[in-house]
Structure formats: C-alpha cells, structure tokens
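Here is the structure we will look at, set down as structure tokens.
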Amino acid sequence: MIWYPYQQMKTMKPPYKVVNAEGVYLYTEDQKLIDSVSSWWSVIHGYKHPELTEAIKSQADRFAHVMLGGLTHEPVEKLSEKLKEWLPGDLDYCFYSDSGSVAVEVALKMALQFNTNRKKTRSKVLSLTRSYHGDTFKAMEVGDDEDYHFAFGEKKDVIHIPTEIPALEEAFKLYHDNLNCFIVEPLLQGAGGMQMYDISFLERARELCDEYDVLLIFDEVATGFGRTGFRFVADLVCPDILVLGKALTGGYIGHAVTVANHKVYQGFYGDDPALALMHGPTFMGNALACSVALKSIELFEKEDYISKISRITDITRREMEGYTDSRIKEIRIMGGCVCIEVRDPAVLEGYQQFAYERGVFSRPFLNYMYAMVPYVITEQELVKVLDTMKAWFQ
C-alpha cells in the first residue's frame with residue numbers, strides 16, 4: 001500500500017490517478033487537467049517534452065548511473081561546467097544529491113564544518129519565521145512551520161526572525177559570534193504560504209554576513225529557474241552557498257545541487273583528510289538527471305524563459321489585481337506565482353474537486369490557494385486557471 005505525503009491515511013480521499021501527461025495537461029481516466037502547480041513547482045517545461053525525453057533516452061542507451069565515488073562521467077562534468085558558467089559570482093563548486101531536502105542538509109553541514117575546520121565554534125543558525133527547507137531532520141530544524149514539523153521538538157540552535165531589517169540587525173548584534181550561517185528562501189517563501197518580501201532585506205543580510213563573517217545560504221530549490229521572475233535571486237544578491245532542485249531537471253528526475261563559492265570550498269581543501277566533507281548520496285550526479293538538467297538549461301536559455309515568465313506575471317496581474325472578496329485576506333503575485341490567502345482555511349474546503357471538475361488540477365493548503373504554472377502555458381490556459389480560482393468565490 002502507498003503511504004501518501006502530508007495525508008492522514010485514514011481519512012484521505014482517493015487521489016486522482018494520472019494515466020498520461022503532455023504539455024501543461026494531466027490526463028486521468030475521466031478528465032483533462034491543466035496542472036496549475038507544476039508537480040510541486042518543478043515541471044517548468046511541461047510534460048513529455050520531446051527534447052528532455054530524448055536526453056534521457058540517449059543517456060540511458062549508454063548507462064543510467066554510476067557512483068561518483070572514485071568514478072566520474074561526461075554528463076556530471078558538463079553540468080558542473082555549465083553551472084559554473086551560468087551562476088553568478090564565484091559559485092563554482094557543485095555537490096550533487098538526490099533531493100532538495102538533502103541538498104539543504106549538505107549546505108547546513110558545509111556551514112557548520114566550514115567553521116569547525118577553521119577552529120571556530122559556531123553552533124547557531126539564523127533562519128526566517130514561516131520558513132520551510134524540507135522534511136529531513138536538519139532541514140526541519142531550521143524550518144519554522146509547525147504544520148509540517150510539530151513533532152520535531154525544541155529547536156535550541158536556531159533563531160527565527162521575520163523579514164524585517166530591524167529584526168535582522170538585532171539578531172546579528174546579539175548572536176553574530178555564534179552564527180555559522182543565515183539560511184533563507186529568497187524573496188518567496190513557498191510552503192510557509194507564498195510569503196513575499198523585498199530585496200532590500202537580502203541586500204542588508206549580505207552586508208551583515210560579510211561584516212560578521214557569517215555564511216549566507218540561499219535555498220532556491222523552489223525559487224530558482226525563474227519562479228520569482230528573476231533567473232535566480234542569487235543574480236541580485238550573491239550568497240556563499242546556493243541550493244537548487246525541483247526545476248533543475250525540468251521536473252523529470254529527482255536531483256539537486258549545493259553550490260559553494262571559493263571561500264567555502266577552500267575551507268575544506270588541504271592535506272589533512274579530516275578537513276574533507278564526508279558526505280556522499282548514492283545517486284549524486286546521476287547521469288540521467290545530469291543529462292536532462294543540461295537540456296533543461298539549454299531550453300531555458302534558447303527559448304528565453306524569462307520573457308515567458310514576465311508574460312505570465314503580466315497576465316496574472318491583469319486578471320487578479322483588484323479582485324476582492326470578504327473572505328480573501330490578500331492576493332500576492334510574484335513572477336510565476338500567484339497566491340490567494342483566505343481568512344479562514346474552511347473557505348477552501350472542496351476547492352480541489354471544484355477545480356478538477358473544471359479541468360484544473362490544484363492543491364490548496366491551509367489558508368492558501370495558489371498557482372505556479374508551467375512556463376509553457378498559453379494565455380488561454382492561464383486565464384482558465386485564474387478564472388477557476390476566482391469562480392470559487394463567486
């Protein structure tokens with residue numbers, strides 16, 4: 001029996017069974033659905049994209065996977081070179097893993113050991129309120145969402161602050177000598193309710209991290225590859241460590257990467273074996289995943305996806321800005337994301353089935369009805385998603 005995610009198995013309703021998928025559509029046995037959430041925000045090119053499918057088939061004809069322990073291969077070398085060329089600043093060193101949560105674990109481990117290697121005892125992590133960084137153990141610790149992590153217990157070594165510059169400055173004043181890193185979902189906090197904040201907060205964070213010698217980590221698993229309207233938020237403010245996942249492979253295969261700058265990498269580099277990063281996921285650098293990631297990046301560049309995302313933003317603003325209902329607390333729009341926050345979560349009960357019957361797959365949670373569509377969506381398809389959201393309140 002399948003144990004489904006984020007569900008009380010005793011009371012859950014049967015999931016919709018997908019029998020095919022193509023473009024922005026999921027096909028069940030009785031319905032054709034626009035996937036308005038891109039399979040948890042990862043399927044940016046849509047389903048069954050011929051070039052992505054061919055990249056996997058071509059690599060599978062050679063080999064599907066070899067371990068990176070003592071071995072290497074062309075796809076992982078090419079992807080690493082592409083990311084070095086593509087990413088801002090000196091984010092040049094790629095450590096691969098098989099999911100965003102594990103990539104966050106790697107980033108946090110890097111930050112802690114970076115300080116240990118230089119004989120500095122810094123045990124605390126600064127994080128944001130309403131943050132979510134994954135469901136593995138250390139990722140849960142730095143997260144701040146009791147709906148997901150209530151069983152974790154007390155978080156002694158994590159300080160959570162709101163996205164307000166005075167709170168940021170106060171935290172550095174109080175804890176700077178014991179902070180090994182500051183981890184953020186930049187500009188857009190996903191599972192915490194699509195919370196959005198200003199770039200000035202991150203600019204000040206970069207200044208304070210430089211002043212107090214604290215590593216800055218951007219968790220762009222959800223925000224990377226254009227979801228905020230920027231290619232990466234790291235293009236605007238460059239972190240010391242960048243975490244990518246989800247859309248890295250166009251949603252085809254689970255894969256992630258933790259990218260470190262020269263300062264971090266040099267903290268592990270030397271003659272002493274004890275300085276090394278002792279971590280190694282079995283499927284890190286998977287050849288199929290690296291091959292499809294390379295093709296995904298090629299499509300992103302070749303087809304000017306930033307323009308596609310800008311168009312999605314413009315259409316969404318045209319259709320959603322100014323829309324009001326007494327049950328709606330706020331409508332937030334950023335890049336390829338729109339969120340309707342309602343005052344009472346009971347308002348959204350039944351919306352998923354309502355949308356299904358109208359040809360849209362949606363997955364609201366808590367107080368949040370949202371859409372993060374594939375970037376290849378047409379205007380007509382996008383308007384249908386947005387009209388379905390509004391129709392629920394009419």
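Identify all residues within the range 65-84 that are more than 25 Å from the chain's Cα centre (by Cα) and among the small types (G, A, S); write none if there are none.
G69, G70
Looking at this structure, is I309 part of a helix (DSSP H, G or I), of a type in the set (V, I, T) and touching a residue at least 12 places away in the same chain (Cβ under 8 Å)?
yes
Conditions (1) crowded, with 16+ Cβ neighbours inside 10 Å; (2) without any contact (Cβ under 8 Å) to a residue 24 or more places away in the chain; (3) in contact with a helix residue (DSSP H, G or I) (Cβ under 9 Å, 6 or more places away or on another chain); (4) of a type in the set (K, R), marked per residue:
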{"site": "G280", "(1), (2), (3), (4)": "no, no, no, no"}
{"site": "M284", "(1), (2), (3), (4)": "yes, no, yes, no"}
{"site": "Y305", "(1), (2), (3), (4)": "yes, no, yes, no"}
{"site": "S326", "(1), (2), (3), (4)": "no, yes, no, no"}
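Rundown of residues vs (1) within 30 Å of E81 (Cα to Cα); (2) within 19 Å of the chain's Cα centre (by Cα), yes/no style:
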{"site": "F300", "(1), (2)": "yes, yes"}
{"site": "T313", "(1), (2)": "no, yes"}
{"site": "E319", "(1), (2)": "no, no"}
{"site": "G336", "(1), (2)": "yes, yes"}
{"site": "R343", "(1), (2)": "no, no"}
{"site": "G359", "(1), (2)": "no, no"}
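Would it be correct to say that R231 is in a loop (DSSP other than H, G, I, E, B) and under 16 Å from W86 (Cα atoms)? Show your work before the answer.
Details: in a loop (DSSP other than H, G, I, E, B): yes; under 16 Å from W86 (Cα atoms): yes.
Yes, satisfied.
Here's the yes/no breakdown for (1) buried (at least 20 other Cβ atoms within 10 Å of the Cβ); (2) of a type in the set (D, E):
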{"position": "E54", "(1), (2)": "no, yes"}
{"position": "K57", "(1), (2)": "no, no"}
{"position": "A64", "(1), (2)": "no, no"}
{"position": "K82", "(1), (2)": "no, no"}
{"position": "L87", "(1), (2)": "yes, no"}
{"position": "V106", "(1), (2)": "yes, no"}
{"position": "K109", "(1), (2)": "no, no"}
{"position": "S127", "(1), (2)": "yes, no"}
{"position": "Y132", "(1), (2)": "yes, no"}
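How many residues does the range 176-190 hold that are without any contact (Cβ under 8 Å) to a residue 60 or more places away in the chain and either of a type in the set (S, T, Y) or touching a strand residue (DSSP E or B) at 6+ places or on another chain (Cβ under 8 Å) (or both)? Quick ask: steps written out before the conclusion?
Step one: of the range 176-190, the residues without any contact (Cβ under 8 Å) to a residue 60 or more places away in the chain are 176-179, 182, 184-186.
With the extra rule that they be either of a type in the set (S, T, Y) or touching a strand residue (DSSP E or B) at 6+ places or on another chain (Cβ under 8 Å) (or both), the set shrinks to 178-179, 182, 184-186.
Residues flagged as without any contact (Cβ under 8 Å) to a residue 60 or more places away in the chain and either of a type in the set (S, T, Y) or touching a strand residue (DSSP E or B) at 6+ places or on another chain (Cβ under 8 Å) (or both) within the range 176-190 amount to 6.
To keep it simple, each residue is scored yes or no on (1) in a loop (DSSP other than H, G, I, E, B); (2) in contact (Cβ under 8 Å) with a residue 24 or more places away in the chain.
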{"residue": "C339", "(1), (2)": "no, yes"}
{"residue": "A346", "(1), (2)": "no, no"}
{"residue": "M369", "(1), (2)": "no, yes"}
{"residue": "Y375", "(1), (2)": "yes, yes"}
{"residue": "Q380", "(1), (2)": "no, no"}
{"residue": "K384", "(1), (2)": "no, yes"}
{"residue": "T388", "(1), (2)": "no, yes"}
{"residue": "F393", "(1), (2)": "yes, yes"}
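Tally up the residues in the range 239-254 that are under 22 Å from D90 (Cα atoms) and either in a loop (DSSP other than H, G, I, E, B) or outside the structural domain of L215 (by TED's automatic domain parsing) (or both), please.
3
The values are calculated or read from the model by the stated rules, or taken from the named source; none is laboratory data. Remember, predicted model here, so these are calculated numbers, not experimental data. Reconstructed Cβ throughout: ideal geometry from the backbone, glycine too, with neighbour counts over all protein chains shown.
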